[in-house]
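Trainee: One structure follows; several queries about it will come next.
Throughout, read-outs are computed from the coordinates displayed, never taken from laboratory work. If you're wondering where the values come from, they're calculated on a predicted model, not measured in any experiment. Reconstructed Cβ throughout: ideal geometry from the backbone, glycine too, with neighbour counts over all protein chains shown.
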Amino acid sequence: MKIISAKVIVTCPGRNLVTLKIETDSGVYGIGDATLNGRELAVVSYLQDHVIPTLIGKDPHRIEDIWQYLYRGAYWRRGPISMTAIAAVDVALWDIKAKIAELPLYQLLGGKSREKVMVYGHATGLDIESCLTEVERHIELGYKAVRVQCGIPGIATTYGVAKEAGKPYEPADSSLPSEHVWSTEKYLNHVPSLFKAVRERFGEDLHILHDVHHRLTPIQAARLGKEVEPYHLFWLEDCTPAENQSAFELIRQHTTTPLAVGEVFNSLHDCQELIQKQLIDYIRAPITHAGGITNVRRIADFAAVFQVKTGFHGATDLSPVCMGAALHFDTWVPNFGIQEHMPHSPETESVFSHAYQFKDGFFTPGETPGHGVDIDEELAANYPYKPAYLPVNRLEDGTLWNW
Ligand code: CS2
Ligand code: MG
């Protein structure tokens, strides 16, 4: 069997999404997600100009060899652009192999380790009260786990909070990066009261998650982790940038609040120390940004040795193709923790058909051969690409800070 063609499909049914479609001489094709928020076209070019020409004529069954070919063969290894491109090829090839085997993808990974996949939803509010209303709505939908983010008094725009109540949160919203002003002090003084209010209103059983979104220094993260211990968070996410992995030793010294990290990682080397030294509890490196199923399986297997669980990134800037592949992976992976779920727009749902289903706070991937997600190219063409940037953040004195 041979790969006879491959193409990149860019569509914007609500937000920009990039899909790679690989076709074989058997008529079977596979698709992979190649979306990198705010840098989409760089991955499109990497695929079209540098990867696709090397795939034609290759045997699609040789997933591992093609992975090594694209990773080692590039000479310039790692990084979000190349690892997202490699991921799209990898997922499309696993889709093809599972379709040819006429098996749902999780069967190729080793079969079910669980019947359903627990997900967490996003409850956000301009203030604590409106966030509690959103938590209630999620509980009514059946969610057992909810990420809570609220506006901070004195800060105009903060991460994870939609500008208008009830509207979906979409960070990449303008043709040039919008500039936000951030105050760590105002945030640290306010956010513990959010968790207190959630526990008082909904009790102890609900899993509460929160995304700090890389905005604290290690000692500030240690303070927050310690202060929120009474509220038994499921996790505190990205509490400090993780380029310097050993920074988490300081946080670990001060708090037992579980820590999740990794949505910006694209390699085992980005988290080896964090995992090996038990500095985190959940690894979030998603299939689309960390080199596909082939590479994320290595990260998950390594994490399992240290009892670190998976907690895949699943924001709407990862397409339904990524969600489909992730849910198959989540169904198999022994050290599964939780899966992020942010509903895609109705337009996106119409462009991407999928076998995965939500029920009562859990997903099942479906029994369709492959990863169970497909793209309607004609419909996709109705939504052309729109330039969109993620915002940047400045401290009140104008210092550039982490968004
Ligand atoms: C966030 C993301 O969902 C999350 O955990 O950190 O929404 C993140 O801001 C976006 O994926 C950035 O593109
Ligand atoms: Mg996050």
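Trainee: Express the relative contact order of segment 1-129 as a whole percentage, based on alpha carbon pairs under 8 Å and six or more residues apart in sequence.
Mentor: Values: 174 pairs, mean separation 33.3, N = 129.
The value is 26 percent.
Trainee: I'd like the distance separating the alpha-carbon centroids of segment 288-326 and segment 342-403, in whole Å.
Mentor: 16 Å
Trainee: For segment 176-269, with only Lys/Arg (+1) and Asp/Glu (-1) charged at the beta-carbon, what is the dipole magnitude about the Cα centre, in debye rounded to 20?
Mentor: With Lys and Arg at +1 and Asp and Glu at -1, about 260 debye.
Trainee: Still on this structure: Can you tell me the Rg and Dmax of segment 1-77, counting just the alpha carbons, in angstroms?
Mentor: Answer for segment 1-77, Rg first and Dmax second: 13.0, 37 Å.
Trainee: Here's a follow-up. Can you give me the distance in nm between label points at ARG223 and ARG201, each placed 7 Å from the Cα along the Cα-to-Cβ direction?
Mentor: Result: 2.7 nm between the two label points.
Trainee: Under the 0.36 nm per residue contour assumption, what length would be gained going from the current alpha-carbon distance of THR184 and GLU164 to full extension?
Mentor: The THR184-GLU164 span can extend by a further 4.9 nm.
Trainee: In addition: Could you give the length gained on full extension between SER174 and GLU140, defined as 0.36 nm per residue of separation minus the Cα-Cα distance, in nm?
Mentor: 8.9 nm
Trainee: With contacts defined as alpha carbon pairs under 8 Å and 6 or more residues apart, what's the relative contact order of the chain in percent?
Mentor: Numbers: 887 pairs, mean separation 90.7, N = 403.
After rounding, I find 23 percent.
Trainee: For segment 109-185, just the Cα atoms, rotate onto the principal axes and tell me the three extents in Å, largest first.
Mentor: Largest to smallest, the principal-axis extents are 47, 30, 25 Å.
Trainee: Taking the Cβ of ASP330 as the center, what net charge do the other residues with Cβ under 13 Å away carry, scoring Lys and Arg +1 and Asp and Glu -1?
Mentor: Working: positive: LYS112, ARG114, LYS116, ARG284, ARG297, LYS309; negative: GLU115, GLU340.
Overall, the nearby charge balance is +4.
Trainee: Mind checking segment 19-111 for chymotrypsin sites (Phe, Trp or Tyr not before Pro) that DSSP puts in a loop (not H, G, I, E or B) and that have at most 14 other Cβ atoms within 10 Å?
Mentor: Here the chymotrypsin sites (Phe, Trp or Tyr not before Pro) that fit, given the DSSP loop and packing criteria, are TYR75, TRP76.
Trainee: Once amide H atoms are placed 1.01 Å from N in the peptide plane, what residues at a sequence separation of 5 or more from ILE338, or on another chain, have their amide H within under 5 Å of its amide H?
Mentor: Close amide H contacts, sequence-distant or interchain: THR310, GLY311, PHE312.
Trainee: Turning to a different aspect of this structure: Quick one: which of LYS112/LYS196; LYS116/LYS186; LYS7/LYS277; LYS163/LYS186; LYS7/LYS97 span more than 30 angstrom between C-alpha atoms? Could you put the intermediate results ahead of the total?
Mentor: Numbers: LYS112/LYS196 37 Å; LYS116/LYS186 39 Å; LYS7/LYS277 42 Å; LYS163/LYS186 19 Å; LYS7/LYS97 18 Å.
Over 30 Å apart, Cα to Cα: LYS112/LYS196; LYS116/LYS186; LYS7/LYS277.
Trainee: Take GLN307 and GLU64, extend 7 Å from each Cα along the Cα→Cβ direction, and tell me the distance between the two endpoints in nm.
Mentor: 3.1 nm
Trainee: Please get the size of the charge dipole for the chain, origin at its Cα centre, with Cβ charges of +1 on Lys and Arg and -1 on Asp and Glu, quoted in debye to the nearest 20.
Mentor: Magnitude of the dipole: close to 740 debye.
Trainee: Ok, one more. Please state the charge dipole magnitude for segment 81-226, taken about the Cα centre, from unit charges on C-beta atoms (+1 on K and R, -1 on D and E), reported in debye and rounded to the nearest 20.
Mentor: 420 debye
Trainee: Angle check, please: helix 80-100 long axis (alpha carbons) against the longest principal axis of the chain (alpha carbons), in degrees 0 to 90, nearest 10.
Mentor: Compared with the principal axis, the helix lies near 60 degrees.
Trainee: Between helix 292-305 and the chain, what is the angle of the helix's C-alpha long axis to the longest principal axis, kept within 0 to 90° and rounded to the nearest 10?
Mentor: 50 degrees
Trainee: Where does helix 218-227 land angle-wise versus the long Cα axis of the chain, in degrees 0 to 90, nearest 10?
Mentor: That helix lies at roughly 70 degrees to the long axis.
Trainee: Using the alpha-carbon centroid of each, what span in Å lies between segment 113-171 and segment 2-49?
Mentor: 31 Å
Trainee: How large is the convex hull of the C-alpha atoms of the chain per residue, in Å³?
Mentor: It comes to 130 Å³ per residue, whole-number rounded.
Trainee: For segment 247-367, what's the relative contact order in percent, using C-alpha pairs closer than 8 Å and at least 6 residues apart?
Mentor: Value for segment 247-367: 20 percent.
Trainee: Where does each of 246-257, 273-284 land if you order them by average Cβ count within 10 Å, highest first?
Mentor: 273-284, 246-257
Trainee: Ok, one more. Between GLU249 and ARG114, what is the label-to-label distance in nm when each label sits 7 Å out along the Cα-to-Cβ direction?
Mentor: 3.3 nm
Trainee: If packing is taken as the mean number of other Cβ atoms within 10 Å per residue, what is the order of 170-180, 391-401, highest first?
Mentor: Taking the mean over residues of other Cβ atoms within 10 Å, the ranking is 170-180, 391-401.
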